[in-house]
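Below: one structure, written as structure tokens.
The values are calculated or read from the model by the stated rules, or taken from the named source; none is laboratory data. Computed from a predicted structure; not experimentally measured. Backbone-built Cβ (ideal geometry, glycine too); neighbour counts: all protein chains shown.
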Amino acid sequence: MSRVIVAAIASLIITIALALAVLERPTPTLSLPNLASTAITPGEAGVLHPITAVLLEFRSIDTLLEIAVLLVAVVVALALREAQPDGADRMGLDNPLLHAVVKLLLPLMLLVAAYLLWAGSTRPGGAFQAGAVLAGCGVLLRLAGTSLHGLERPRWLQGGRVLGLLVFVSVGIPPMLAGRAFLDYPADLAGGLILLIEAALTLSIALALLSLFRLAPPQSDSPAFPDRRKRRRA
Amino acid sequence: MSTDLFFAWIGVALCGLGLFGFIVHHHLMRRLLAFNIMGSGSFLLLVGLAQDGRGPDPVPQALVLTGIVIAVASTALALVVLRRWYRVSGESSLPEDV
Amino acid sequence: MGWLDLLLGLTLVTTAGLALASRDLFRAVVMFIVFGLLMALVWVRLQAPDIALAEAAIGAGLTGVLLLDTLGYLKRRFEPTGTNERRPTPTTEGRGDAR
């Protein structure tokens, strides 16, 4: 019971503090959107959509660190995983309807992911959304137990996971050699470089989210866990 | 009251609610839900306050976009750790919690 | 701020409360998924279509899958005995060197 009281007091204090912060909010002295848009200069950045420009031009180190954090999460999950090599374990729900739907939907989902990636430079969309849709594809494939054969080799998966960070850093360093700041892309190449980074990010985000999902499942051969496929057929 | 400010207030409510749930529950998965709700509240607060009376602002929106991806990664990692813990101990809550 | 916002905000807080208060863990997770979907709508109202897209795909989709999968894991291991007794770890531990 005392726990409930403690929780009530703590959450009340936080709520009141936040409410006071909202009520007493200072009037802004400078406009962040204007500041950002003057710093980005849309024509020069090569991307017209403000959010993509902020993510990859104005605050690109945030995005770089974000993909690094994702990679760290995957590495920790890999260290904690229960014994299961890549590709061997799948859920394989034996449902003909699921298989048919996956076959129908998969090309469409890949198309949506590619469109979101491409749209990112001019309108809402970008690497994060495309990566999430791509990860959704992977989850669906795993649920259906569809194999991708050659694409599921561990080395390829490892390469894909680090590709985003690798491309980001290797695009960021050359400007330093030319005496500019880290990630300060040359103006005439910015559009293409940002699309390249975004494509690599999409792949890495999708693979990271997917591996975090795949690393979690139980071993199919443990005594406490009868294989779900066998159980289904019985 | 503008839409943005209203949702900032909703964010305040979600933060308080999430913290309450986080302390009250023993079950680690419920705590994870509470943690995520608190996170959503802070995202709303961040964007709502920044945009109040000034229209859409790409900078906090980009920050929140990054935050959402980090939140799902940390949730997934927490679930991996939770499963691991459950496997070695057979418990779904921590022994320090009484 | 219109009626739609008011309704959306109140529903959001209610689903969050239900996700935290439900006795059944499955119901709590489903409420959390609903909460994620409503958050996507809120982002649209806040003129942030990018976040709305990401939230709909991640917050509602992927997080839901992850949580339900873990829930299945927890439930399944409780099933045979009905108690949370200590189980011996299987001998296959630490075999995954292929990655």
For this session: Quick one: A:ILE194 ticks every box in (1) under 16 Å from A:LEU56 (Cβ atoms); (2) out of contact with any Ser or Thr (no Cβ under 9 Å at 6 or more places or on another chain) except a single one, so which number is it?
Result: (2)
Exercise. Could you list, in sequence order, the residues of the range A:112-142 that are outside any helix (DSSP H, G or I) and surrounded by fewer than 16 Cβ atoms within 10 Å (Cβ to Cβ)?
Worked result: A:THR122, A:ARG123
Exercise. How about the range C:40-63: which of its residues are more than 10 Å from chain A (Cβ to nearest Cβ) and modelled with pLDDT under 90?
Worked result: C:ALA60
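Residue by residue, here is whether (1) among the β-branched types (Val, Ile, Thr); (2) under 20 Å from C:ARG23 (Cα atoms) holds:
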residue	(1), (2)
B:VAL12	yes, no
B:HIS25	no, yes
B:ILE37	yes, yes
B:ASP57	no, no
B:GLN61	no, no
Seminar exercise, completed: With the first residue restricted to the range B:1-27 and required to be within 8 Å of chain A (Cβ to nearest Cβ), and the second required to be outside any helix (DSSP H, G or I), Cβ contacts under 7 Å at 6 or more apart or on different chains are B:LEU5/B:ASP52; B:ALA8/B:ASP52
Exercise. Assigned to a helix (DSSP H, G or I), modelled with pLDDT under 85 and either in contact with an Asp or Glu (Cβ under 8 Å, 6 or more places away or on another chain) or at the interface with another protein chain (Cβ under 7 Å from one of its Cβ atoms) (or both): does that describe C:ARG77?
Worked result: yes
Problem set entry | Residues located in the range C:40-61, provided they are within 13 Å of the chain's Cα centre (by Cα) and either over 24 Å from A:GLY138 (Cα atoms) or surrounded by fewer than 24 Cβ atoms within 10 Å (Cβ to Cβ) (or both) | C:ALA56, C:ALA60, C:GLY61
For this session: Confirm whether B:PHE22 is among the aromatic types (Phe, Trp, Tyr) and either crowded, with 20+ Cβ neighbours inside 10 Å or in contact with a Pro (Cβ under 7 Å, 6 or more places away or on another chain) (or both).
Result: yes
Exercise. If you scan the range C:1-54, which residues turn out to be of a type in the set (D, E, K, R) and either in contact with a Pro (Cβ under 7 Å, 6 or more places away or on another chain) or part of a helix (DSSP H, G or I) (or both)?
Worked result: C:ASP5, C:ARG27, C:ARG45, C:ASP50
Exercise. Among (1) within 14 Å of chain C (Cβ to nearest Cβ); (2) in contact with a Gly (Cβ under 6 Å, 6 or more places away or on another chain); (3) at pLDDT 80 or above, which single condition is A:GLU152 missing?
Worked result: (3)
Seminar exercise, completed: Within the range A:143-181, residues crowded, with 20+ Cβ neighbours inside 10 Å and of a type in the set (D, E, K, R) come out as A:ARG161
Problem set entry | Unique residue being surrounded by fewer than 24 Cβ atoms within 10 Å (Cβ to Cβ), more than 9 Å from chain A (Cβ to nearest Cβ) and small (Gly, Ala, Ser) when the list is B:ALA50, B:ALA71 | B:ALA71
Exercise. Of the residues B:LEU19, B:LEU45, B:LEU82, which is out of contact with any Ser or Thr (no Cβ under 9 Å at 6 or more places or on another chain) and either under 30 Å from A:GLU57 (Cβ atoms) or not in a loop (DSSP other than H, G, I, E, B) (or both)?
Worked result: B:LEU45
For this session: Within the range A:97-126, track down each residue that is within 14 Å of another protein chain (Cβ to nearest Cβ) and basic (Lys, Arg).
Result: A:ARG123
